[in-house]
Amino acid sequence: MTSYRISSVAVAAASILACTGSAQAAEVRLTGIVVNTCVLTLSTPGTLAASSDGVTLGSQELTGLPAVLAVISTGTRPTLNFTAPAITGPSGWTGTPTVSMAYTSLSGLNQAYTTSATQAQPAALLDTLTINAKSVNSTGYISGTYTIASTVTCQQ
Amino acid sequence: MRRALAIVLVLAAAAPAAAVGLGPLTAEGLTDGPRKAFYLNIMNPYPVAAEFETQTVDYDDEMPVSRVQVIPSTIKLGAGRMARLLVIANDLAPGEMFKFRVCAERSTLPEGVAINARVCSKLSAHRVG
């Protein structure tokens, strides 16, 4: 709960009261209740690019970009659950790629590349995560659009 | 040659690609009947209108829960707007503590978006009577 005292208003009110010959203090309070909420905003979706040997498709390769996810929470620091990353590619593309994801955050989260689902709790109510992903496929990648996807869930 | 084959732009957008807000993240309540209602607030952080959908799932896994209604279950919100959702847990047995989650996410992600943002509220309804 937040409380504010606006002294300038009180001074003005006191001045008016003084003019009328009556001396009374007036207090103005503005209050608010903060509940637990979470807002996730993916400000930069991320870009995958191919490695020079054609085996890796990842956001940390030349011309690739990580995704950037802002976490805005109030009340209590939430938990973030990431599903295991999965890749989709053009029809006709074959192989058994190893797909992994990693992330760091301004509050100190540091998850190395992993193929598994992960869970993390930011050390701050407001945090920004930088998320990288990559796919390693020994038979390479044919022309087309590839997407490495994961769902991140914010909850208590 | 192989380098030239598979350089692909997966995503590129100036506006937020996936975003959603929900609260409170936890709520619990008592009831003396077979139903218990909760209110949740859903937020659209996008700078444009977007449609959001909700799912009701188990407290600890992703199994759908059928005896919970969310009204409305899908909603279109203007930029930066918030709306209230009514959540009703039905068929509570006497003495039952029913725990579940209500999750919200964007109905349709823009093409190429790879990180799907979702927020879940954990709710528990306890029928005492």
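The values are calculated or read from the model by the stated rules, or taken from the named source; none is laboratory data. Quick caveat, the model's predicted, so the values are computed rather than measured. All Cβ positions, even for glycine, are placed from backbone atoms using ideal geometry, and neighbour counts span all protein chains on display. Quick note on the areas: whole protein, heavy atoms, side chains included, nothing else; ligands and nucleic acids left out. Shrake-Rupley method; radii C 1.70, N 1.55, O 1.52, S 1.80 Å.
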Give the aspartates and glutamates whose C-alpha is closer than 12 Å to that of residue A:134, dropping any in the same chain fewer than 8 places away, or say none.
A:61
Can you give me the solvent accessible area of residue A:34 with a 1.4 Å probe, rounded to the nearest 10 Å²?
90
Volume of the Cα convex hull of chain A, divided per residue and given in Å³
144
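With N set to the number of residues, divide the alpha-carbon radius of gyration of segment A:64-141 by 2.2 N^0.38 Å and report two decimals. Write down the numbers at each step before the final one.
Details: Rg = 14.9 Å, N = 78, 2.2 N^0.38 = 11.5 Å.
Expressed relative to 2.2 N^0.38 Å, the Cα Rg reads 1.29.
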Mean other chain Cβ within 10 Å across B:23-32 is 4
Can you list, bin by bin at 10 Å, the percent of alpha carbon pairs in segment B:24-67, starting at 0?
18, 42, 31, 9, 1
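If I take every Cα pair under 8 Å that is 6 or more residues apart in segment A:37-155, average their sequence separation and divide by the length, what percent do I get for the relative contact order? Mind showing how you got there, number by number?
Details: 308 pairs, mean separation 40.6, N = 119.
Relative CO of segment A:37-155 lands at 34 percent.
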Lysines whose Cα lies under 27 Å from that of residue B:99, excluding same-chain neighbours fewer than 8 positions away:
B:36, B:122
On the full set of protein chains, 1.4 Å probe, figure out the accessible area of residue B:107 and give it in Å² to the nearest 10.
30
What helix-only [θ] at 222 nm does chain A give? Using -39500 (n - 2.57) per DSSP H run of at least 4, over all residues, to the nearest 500, the answer is -2500 deg cm²/dmol
If you fit an axis through the alpha-carbon atoms of helix A:7-19 and take the longest principal axis of the Cα set of chain A, what angle between them do you get, 0 to 90°, nearest 10?
20
Estimated translational D of segment A:23-82 in µm²/s (Stokes, Kirkwood radius over Cα pairs; 10 °C; 1.306 mPa s):
101
